[in-house]
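Any read-out appearing in this document is the output of simple, stated calculations on the displayed coordinates, not a laboratory observation. All figures in this text were calculated on a predicted structure; none of them were measured in a lab. Quick reminder, even Gly has a Cβ in these numbers, built from the backbone with ideal geometry, and neighbours come from all protein chains shown.
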Amino acid sequence: MTANATPLPPRTPAWRLDGAAPAETLSAQGFVRLAPTETFLAAGIESTDFAALARHWSDLPPDEHLRDGGRYRFRRHASLVLSADGTRIERTVDRPHWQPTDYNALHGGVERRFAPVTGATLAEPALRGLVLGLGRVASAALGHVLPFVEFHQFRIDTTEGIGRPTPEGAHRDGVDAVAVVLVDRVDVRGGETRVFEAEGPAGLRFTMATPGTALLLDDARMIHETTPLQPDGRPGHRDTVVLTWRREGFLDPPPTS
């Protein structure tokens, strides 16, 4: 589905499975929202661990690949390979980020090399906890291990006005599972998360306001986007972790003949 075909999901949640475990909810409805306490529990971390990770968003370099001409996005990227049982990060892989145009009409089809996630960030317990813990939830819901992980640090800044968390519009990522975790939100308005069925009308919209709030998606079943940000009285920013997991290797360009 392209950005031009994006329906407007209802404000009232279309699904509700109160009391179910995160993996059960993700399996049943294709997504699960986690409050900060639930995120930290799934990741096996404390709020202090998460706060320590959040400090690493202060030095993100600009995203040099924005095709809309904007200068509002800052990011770092890492590709991680997990052990066969999904319990350890075994290594990082030096590779660009790539998506086909079927999934990202704006930036797809181009190898985009971003500044790497720093070694200090990779060493944070909260990073390992989010990668492995949320990965366990996704693996349990989908029924298989997801050993190929991409870790993105994003800052959307409103110093020059409007900032767009998803300039490509409503989309899928071409992976098995996606997580978006709010790291910080300072002096901004907007940034409403919208998630809805790829093959149906049901959806919901909500705004992540508290650091640690997370959204975990089955990428084959759900489409998502985040609306633009505006400064709230003065320039601000919204920081997020975006994690993607795949079963069958990283999403790379097809081999050339």
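Given an 8 Å cut-off on Cα distances and at least 6 residues of separation, report the relative contact order of the chain as a percent.
Numbers: 588 pairs, mean separation 70.8, N = 257.
Reported as a whole number, the value is 28 percent.
Would any residue of segment 211-249 have its amide N under 15 Å from a label point 7 Å out along Cα→Cβ of Glu199? List them or say none. Residues 218-223 qualify, since their backbone N sits under 15 Å from the label point. Here the extension length gained between Ile162 and Leu41 equals 40.1 nm, from 0.36 nm per residue of separation less the Cα-Cα distance.
Projecting the Cα positions of Pro147, Ala202, Gly129 onto the charge dipole of segment 20-246 (unit charges on Cβ atoms of Lys, Arg, Asp and Glu, taken about the Cα centre) puts Gly129 furthest along the positive direction. Loop-located GluC sites (Glu not before Pro) across segment 129-225 with a Cβ neighbour count of 16 or fewer within 10 Å are Glu160, Glu199, with loop assigned by DSSP. The Cβ shell under 9 Å around Ala141 holds other residues with a net charge of -2, Lys and Arg each +1, Asp and Glu each -1. Over all pairs of different C-alpha atoms, the chain has a mean inverse distance whose reciprocal, the Kirkwood radius, equals 18.4 Å. For segment 44-54, 3J(HN,Hα) computed residue by residue from phi via the Karplus equation (6.51, -1.76, 1.60; θ = phi - 60°) reads x, 10, 9, 4, 5, 5, 5, 4, 5, 5, 4 Hz, glycine and proline entered as x.
Stretching Asp184 away from Val110 to a fully extended chain increases their span by 23.7 nm, per 0.36 nm per residue minus the current alpha-carbon distance. Around Thr213, which amide H atoms from residues at least 5 apart in sequence, or from another chain, sit under 5 Å from its own amide H, with H modelled in the peptide plane? Residues meeting the criterion, in which the H sits 1.01 Å from N, are Leu182.
Per-residue extension of 0.36 nm, minus the Cα-Cα distance of Ala123 and Asp85, leaves a gain of 11.6 nm for this segment.
Sites listed here are GluC sites (Glu not before Pro) in segment 20-85 whose DSSP assignment is loop and whose Cβ has at most 13 other Cβ atoms within 10 Å: Glu46, Glu64.
Only one residue of Met222, Val242, Ala20 has its Cα farthest out toward the positive end of the dipole of the chain, where Lys and Arg carry +1 and Asp and Glu -1 on Cβ, and that residue is Val242.
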